[in-house]
Amino acid sequence: MHSPNQVAEKLEHYVRTQFFVADDDDFFSRDIHLWKEGYVDSTGAVEVIAFLEDEYQIRLPDEVLFDPQFTTINGMAQRVSGLLNG
Amino acid sequence: MNYTAVPPRGKPLAPLVIGPDGLLGSVSFFQAWAENPALIDRIDGHFALVAIDDDFTFHLLRDPLGVNKLFFAWSPQMGFSWSPLVEDLRRLGYHQNQLWSLPSACYARFKPSEKLWQLQRYRALPYGTWEGQATDTIVERIRARLRGVFSDLAMRLGDVPITVTLSGGLDSATIAAMARQYFSDVEGVTFALDLDRDNVQPGEDLHYARLAAGHIGIPLNEVHVTREQMINQLYVALVHGQDWRDFNVHCALVNACLGAYGNLDGRMLFTGDTMNELVADYKPVAYAGQTFYPLPRLKPARLRRFLVSGLDSGDREVGVFHHFDLATVQPYALCADAYTALPDSWLADDNIKANLVRQVMGDAIPRAIYERPKVRAQVGNDQQTGGTLAAMVAEGLTGAHLKQKFAGLLDCDEAFLDQFLRAGIYRSPLHFDHIAADP
């Protein structure tokens, strides 16, 4: 079982390290809109999806990019956890 | 069930449907599909089809790679409209938030009266499934697929005059050599920028395009344009190329120049596009101390799927040439299943494409092109003058400026564009409420 919190933890670590989020960035959170706030650009969005697919051995459909839930770390974690736990 | 075609707004784009005979349009396709559910597995091509049935349900279908675009909008007041050109829907008065796309390789049923939106992906490309197969076997399969596609095209299109857009690279040279075998009237067209300016020598692309045409035995139509002529095509490149990202705009500009200045009336265009996506053969380009055309930081085997998915967006060839009433065929897109099946392990080798093409095409392509260092077609780099990238940088037409201009031309907010196109995919609705949301 992968709880949303477990997925979110891994994803947050990935985003922070890959997209150079400063440790003292108080604005950043698991509920921040990653695309709109500029933490992850269009190219980076592909990297985030590839990370989730590789980490959890799942295939995310292209349309997920436009799921309003799939814009924050917590939202993505919910979606991935839902897929994993069926 | 009876179907009635729903014509697009704006200028219709004729579909190219490869499959059983008689599938020439939306009505014939949906009718035949209703009678034979397995039919969907046997079609390919470049198409965006929309029909409505007796039950007032709209049926939408888009080709497997998304070569043809299918934008649509719906509102209670204005009803349903679709077009291959998103600008047409804006001109009709739909709000930017009412603009949607049908994803590549998808079929959708849409029935507003019952708040129904059902999306179904009908095709998934095989990635890396030929891993472990003998090289000779793979080469023979690729050769057979290419021959099959050109044979199908010759049968469907008849012996029409063909012009191949020759960039001087392997992909387009292969298409020209294949076209030469299956069509009697074949010529090449190529683009050269800025040769009238002082100190600008013919670029490498032009040299290799001449070499390819001469070797294959076809005439070459050289389209020489000035920087000003090219910049004059920016509106076409943006609006009809349906994208603001520099790699697509720069390519669309070249095609817009070919369309505008190439005297190509009455000819059908064949291009070598999509091959680089199918084998993940792209690299960022360094120019003037900056890196252009950045890519996701993924290994080629992993990157490939996303590059292919990204063909969903941008209309740098079909859309741009359609503006000039020129029909375009991308033969590689018609055998995408074969190229995506190439083993993942092959993609790690920088020379994979040259090696594969050499075995498939042999001496039909000049040796110098196999041995040419890899470059982005028509773009130029720090070692080359006269490319589109240099001209665009000199004019300040890069990144943010292109996005701003695109938003202005479509009368959209720049912030909306980030929702409209993300990671190479145009936005599509997940359910009816998205489509019906108050803008």
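Taken together, the values in this text are just the output of simple stated rules run on the coordinates, not laboratory data. No experiment lies behind these values; they were computed from the predicted model shown. With ideal geometry, Cβ positions are generated from the backbone for all residues, glycine too; neighbour counts draw on all protein chains shown.
Per-structure values
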{"read-out": "Chain B - charge dipole about Cα centre, Lys and Arg +1 at Cβ, Asp and Glu -1, debye rounded to 20", "value": "620 debye"}
{"read-out": "Derived scalar couplings ³J(HN,Hα) [region B:135-150; Karplus, 6.51 cos²θ - 1.76 cosθ + 1.60; whole Hz; x for Gly, Pro]", "value": "4, 4, 5, 5, 4, 5, 5, 5, 4, 5, 5, 4, 4, x, 5, 5"}
{"read-out": "With Cα atoms, 0 to 90° folded angle of helix B:352-361 axis to chain B main axis", "value": "80 degrees"}
{"read-out": "Descending principal axes extents, chain B, alpha-carbon based, whole Å", "value": "63, 48, 42"}
{"read-out": "Overall form of region B:90-245 per C-alpha gyration tensor (a/c, 1.5; a/b vs b/c)", "value": "oblate"}
{"read-out": "Estimated Rh, region B:225-270: Kirkwood, alpha-carbon pairs, angstrom", "value": "10.8 Å"}
{"read-out": "Cβ-based exposure ranking for B:M78, B:M155, B:M275, in which fewest neighbours within 10 Å come first", "value": "B:M155, B:M78, B:M275"}
{"read-out": "Residue order, fewest to most beta carbons within 10 Å, for B:F416, B:F306, B:F72", "value": "B:F416, B:F306, B:F72"}
{"read-out": "Debye equation applied to the C-alpha atoms of the protein assembly as shown, log10 I(q)/I(0) at 0.10, 0.11, 0.13 Å⁻¹", "value": "-0.82, -1.01, -1.44"}
{"read-out": "Between region B:211-227 and region B:295-315, the alpha-carbon center distance in angstrom", "value": "30 Å"}
{"read-out": "Whole-Hz couplings from phi, Karplus 6.51/-1.76/1.60, listed for region B:282-293; x for Gly and Pro", "value": "10, 9, x, 10, 8, 8, 6, x, 10, 10, 10, 6"}
{"read-out": "Helix B:300-309 axis, angle to chain B major axis (alpha carbon atoms, nearest 10°)", "value": "50 degrees"}
{"read-out": "Distant-in-sequence amide H partners of B:V223 (H built 1.01 Å from N, under 5 Å)", "value": "B:T190, B:F191, B:A192"}
{"read-out": "Cα centroid separation, region B:36-58 to region B:60-90 (Å)", "value": "15 Å"}
{"read-out": "Of A:H13, A:T71, A:P61, farthest towards positive along the dipole that unit charges on Lys, Arg, Asp, Glu beta carbons give region A:4-84", "value": "A:P61"}
{"read-out": "Most mobile listed residue (A:L34, A:L11, A:L60) in chain A, GNM with C-alpha springs under 10 Å", "value": "A:L60"}
{"read-out": "Residue-averaged 222 nm ellipticity for chain B, from DSSP H runs of 4+ at -39500 (n - 2.57), nearest 500", "value": "-11000 deg cm²/dmol"}
{"read-out": "Highest-MSF residue in chain B out of B:P161, B:P84, B:P103 [GNM, Cα springs under 10 Å]", "value": "B:P161"}
{"read-out": "Rounded Å value of the spacing that divides the Cα centres of region B:388-427 and region B:325-368", "value": "30 Å"}
{"read-out": "The protein assembly as shown - charge dipole about Cα centre, Lys and Arg +1 at Cβ, Asp and Glu -1, debye rounded to 20", "value": "700 debye"}
{"read-out": "Above-threshold pairs, the threshold being 22 Å between Cα atoms, out of A:K36/B:K69; B:K69/B:K299; A:K36/B:K299; B:K69/B:K115; B:K299/B:K374; B:K69/B:K353", "value": "A:K36/B:K69; B:K69/B:K299; A:K36/B:K299; B:K69/B:K115; B:K69/B:K353"}
{"read-out": "Of B:H240, B:H401, B:H323, the one that fluctuates the most in a GNM where chain B has Cα springs shorter than 10 Å", "value": "B:H401"}
{"read-out": "Angle between chain B longest axis and helix B:204-216 axis [Cα atoms, degrees, rounded to 10]", "value": "90 degrees"}
{"read-out": "Cut-off under 5 Å, modelled amide H: who pairs with B:A327 long-range", "value": "B:L269"}
{"read-out": "For region B:120-129, Karplus couplings with θ = phi - 60° (6.51, -1.76, 1.60), whole Hz, Gly/Pro x", "value": "9, 7, 9, 8, 10, 6, x, 10, x, 6"}
